[in-house]
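This report refers to the structure that appears directly beneath it.
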2 protein chains.
Amino acid sequence: MAHDIRPAAPGDIPLILEFIRGLAEYEGLLDRVETTPERLRASLFPADGAPVAHCVIGSIDGVAAGFALYYFNFSTFLGRLSLYLEDLYVKPEFRGHGLGKALLVHLARLANTRGCGRMEWAVLDWNAPAIAFYEALGAKRLREWQLCRLDGTDLEKFGQV
Amino acid sequence: MAHDIRPAAPGDIPLILEFIRGLAEYEGLLDRVETTPERLRASLFPADGAPVAHCVIGSIDGVAAGFALYYFNFSTFLGRLSLYLEDLYVKPEFRGHGLGKALLVHLARLANTRGCGRMEWAVLDWNAPAIAFYEALGAKRLREWQLCRLDGTDLEKFGQV
């Protein structure tokens, strides 16, 4: 099975939305998906040429089968860029052919090229197949760090104190 | 006690480094601090005018007492920017006067102005005072999400597969 990984183009927006919904459905979070084609386009392909996030499409034997969406952030301790993987998804019928790993290797190469000190992402603690997959690739789980969030009306109100 | 919060300037680099080291020492991670004044300057005050991260300095009665370092990233599900708080620190002798909360409110206001759907940060699971502080402010802990990381030589090797 031949893999191909290429940067996403504006014409891929419907496909990317399909992948985002597929991932959200798997995570039981489909009701949280509020994004729209317009928002995705503005973020990935803005008129000012400065995207806030980037996307690559992975294909198997010429059929688009999955994607990775990522951005660069920053580690204060290292004083270096980090690559943060926001989404990684391979459609169920295309799993087990190495495309997920190929997408991660592609991003690791990119992180190295850009001088990043780290590549990070988040996984749901009940997602045992994903956790086993990431650990088999040598990733560490940062068990001692917990994410905190303020959002929606909580965030709006807090900013008005 | 009068608070003041202002954007950091290039002349604050030594102060910011002192805060980063203070935070790392509190977290038991001082040996992980590899950043340098040059790296901080390049990230916060780059010649191209496009910083990868931003910093504000908080003062109490005119004395610099803490800082917040943050950047904007992206939520795919929302299709909106997020504000990510990388570091928040108030020097021990200045705690208990509300500067930490004032820094968070400042960032929440900024997040709202920029149209962010979320503001997020990470906390160490043993840091009970910080967790209590964040929960009292209405933040949610995302207990089901775990961070994964590839770094150092693991990242370099993985990108060479």
Checklist entry - In nm, one decimal, shortest first: how far is the label point of A:V52 (7 Å from Cα along Cα to beta carbon) from the matching points in the other copies? => result 1.9
Checklist outcome for this item: In deg cm²/dmol, rounded to the nearest 500, the helical mean residue ellipticity at 222 nm of the protein assembly as shown, built from -39500 (n - 2.57) for every DSSP H run of length 4 or more, is -10000 deg cm²/dmol
Checklist entry - For region A:3-159, what % of the accessible area comes from carbon and sulfur atoms, probe 1.4 Å? => result 52
Checklist entry - Out of every Cα-Cα pair in region A:3-159, what percent are more than 20 Å apart? => result 56
Checklist entry - Roughly how many Å² is the accessible area per residue of chain A, as a whole number, for a 1.4 Å probe? => result 45
Checklist entry - Could you state the number of Å between the C-alpha centres of region A:31-76 and region B:111-139? => result 26
Checklist outcome for this item: Short to long, in 10 Å steps from zero, the percent of alpha-carbon pairs of region B:73-127 per bin is 22, 45, 26, 7, 0
Item to check | Copies compared at A:L30 - label distances in nm, ascending, label defined 7 Å from Cα in the Cβ direction | outcome: 5.3
Checklist entry - Between A and B, buried accessible area summed over both sides at probe 1.4 Å, in Å² to the nearest 100? => result 6700
Next on the checklist: Name the chain A residue nearest the rotation axis between A and B, going by Cβ position, and give the distance in whole Å.
Outcome noted: A:N73, 3
Checklist entry - What is the packing order of peptides B:42-51, A:22-31, A:96-105, A:116-125, taking the mean over residues of other C-beta atoms within 10 Å and listing the highest first? => result A:116-125, A:96-105, A:22-31, B:42-51
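The values are calculated or read from the model by the stated rules, or taken from the named source; none is laboratory data. Bear in mind the structure is a predicted one, so any value in this text is a computation, not a measurement. We place every Cβ from the backbone using ideal geometry, glycine too, and count neighbours over all the protein chains shown. Side chains included, ligands, DNA and RNA excluded: accessible areas come from the protein's heavy atoms. Shrake-Rupley method; radii C 1.70, N 1.55, O 1.52, S 1.80 Å.
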